[in-house]
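Data first, discussion second: the structure below is written as structure tokens.
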Amino acid sequence: MKSKIKILLMLIVTACLLSGYAWLSSSFDIELTDEKHENVYVDMLLPFDTDDSFYTDYNENANNTTMPVLDKNCELAEYSKNGYRSMYIHYSGANLYHSVLNDNSVSRSISLPNALRELDSTPYGEEAFMAFCSKYKKCRFAAFDDKGNILCVSKDVKLKKFPDNYINYTIEWNIAENKIKPHYQISAGGLIINIILSLCSVFCIFMQPALKSSYIRQYQNGKRKSPGILITSGICTAFSLFAVLCWLPSLFFALIHFNFWGILFVALPIISLIVGIVYFKNFITDMEISKKSETNQQ
């Protein structure tokens, strides 16, 4: 009965964690970190061709944003290095904003076209955002002035990272040194997978001592070789390592946003991996000793 109550509590906690993802936005927010740039605008450069379904010679929606209206022949409009093109100028329906906040700081954000969001069933367009990231895979950012002259172009930035993360936090960019630091936040689907991996790690933690007990019984019964136990222990250890690798990209996010529960879910695969390495190593050592003992007896 107690075990059922514990499982129920764990499921409730998991549901609470997942519900926290309702507020996730689906836009790119850029912060220029070197100094204030009230008159510097930011565009996203995407690797897309003229035959892309969203390509346009001139994005008419650009006139409805807080960005400056640029000439169709400005430097930003003509940029096509390595196949990268301006999202602001050439991506139909793209929404870019340059907003001055109450404290005189400047906020820059890039949102997907409404046409993409309308095809999405999630409240904040997460599915459309993930599909967008999956399609283009990487991007660059361009800083430009109100005439469309390019001031700086960043290095390539990945839109998705293993296993299922995407840009959703503020992207920090120091234009003077051209150093850009994207922050990746895990998607709801990625979170579910990671939590399942963490909970399965609990099974692996208890599995290793159980395998040890089984090995001892077999040893006492005269069975010195137990390849099945060694293989099972190795599989559990490998699974724990996989779970740890899955959590790594979202480690900082989990620790900051989930506090105790974030630490717990991140710690479970790590503990499982440590336990697995210890037991797997012991199995190998014990079997080598048994093998040497049998050889000496012969």
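The values are calculated or read from the model by the stated rules, or taken from the named source; none is laboratory data. What you see is a predicted model; the values in this text were computed from it and never measured. Quick reminder, even Gly has a Cβ in these numbers, built from the backbone with ideal geometry, and neighbours come from all protein chains shown.
List the helices (runs of 4 or more DSSP H) inside region 106-220, counting only whole elements, that have at least 1 residues being over 18 Å from the mean Cα position of the chain (by Cα).
Here the list reads 114-117, 188-220.
Per-residue answers, yes or no, for (1) modelled with pLDDT under 90; (2) exposed (fewer than 15 other Cβ atoms within 10 Å of the Cβ):
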| site | (1), (2) |
| --- | --- |
| S187 | yes, no |
| I205 | no, no |
| L211 | no, no |
| G222 | yes, yes |
| I229 | yes, no |
| C236 | no, no |
| F239 | no, no |
| A267 | yes, yes |
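Among the residues of region 151-188, write down those that are within 22 Å of C246 (Cα to Cα) and free of Cβ contacts under 8 Å to residues at least 40 places away in the same chain.
V157, K158, L159, K160, D164, Y166, K181, P182, H183
Return yes or no: is G93 of a type outside the set (A, V, I, L, M) and either crowded, with 19+ Cβ neighbours inside 10 Å or in a strand (DSSP E or B) (or both)?
In short, no.
Does N73 satisfy being in the same structural domain as Y136 (by TED's automatic domain parsing) and free of Cβ contacts under 8 Å to residues at least 24 places away in the same chain?
Considered against the rule, which asks whether it is in the same structural domain as Y136 (by TED's automatic domain parsing) and free of Cβ contacts under 8 Å to residues at least 24 places away in the same chain, N73 comes out as yes.
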